[in-house]
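**Student:** Can you read through this structure? Questions will come right after.
What follows is calculated from the coordinates using simple rules that are stated; it is not laboratory data. Just so it is clear, the structure is predicted and the values come from calculations on it, not from any experiment. Heads up, the Cβs are rebuilt from the backbone with ideal geometry, glycines too, and the neighbour counts pull from every protein chain shown.
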Amino acid sequence: EYAHYACMRMNANSLQAEIAESALIGKVLAAHREHVRRTQADIAAKLGMSQSAYSRLEAGASAISAAPLRAAARAIGSSASSILTSVDEYERQLSQQGVRIVPDKRANPAAVAVGLGVLTALLMSRA
């Protein structure tokens, strides 16, 4: 399921962990939602979509555009700029740990556990 979100690229000398940008945005949005103790169903209802469609946004399986990001952020008492500031911070931290953020179309299924594992550890350290 997470196969298209993160990957590892192997070259002659190293193994490069990667995570797709939509997965990073979705995971940060999920962390913000969980922090305020709202369910996916709550947010989905406010956005006029099914819980499963909203779940795909948080999982990074569907890219989120500006309007739904703003609406989801408002529904959790935040702003799109706050969510994106967190995304930028996690991107910096992931980069420091050797994980590269890639456009969604470039993600390769081989390293799902690595890129998402590092992100999950970072998110949990803030909880």
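**Student:** Using 0.36 nm times the number of residues separating ALA121 and ALA67, minus their current alpha carbon distance, what extension gain do you get?
**Tutor:** Length gained between ALA121 and ALA67: 16.6 nm.
**Student:** Can you give the log10 of the normalised intensity I(q)/I(0) at q = 0.25 Å⁻¹, computed with Debye over equal Cα scatterers of the stretch 11-98?
**Tutor:** Treating every Cα as an identical point scatterer, log10 I(q)/I(0) equals -1.28.
**Student:** Report the net charge of residues surrounding ALA72, where surrounding means a beta-carbon distance below 11 angstrom and charges are Lys +1, Arg +1, Asp -1, Glu -1.
**Tutor:** Combined, the nearby Lys, Arg, Asp and Glu give +3.
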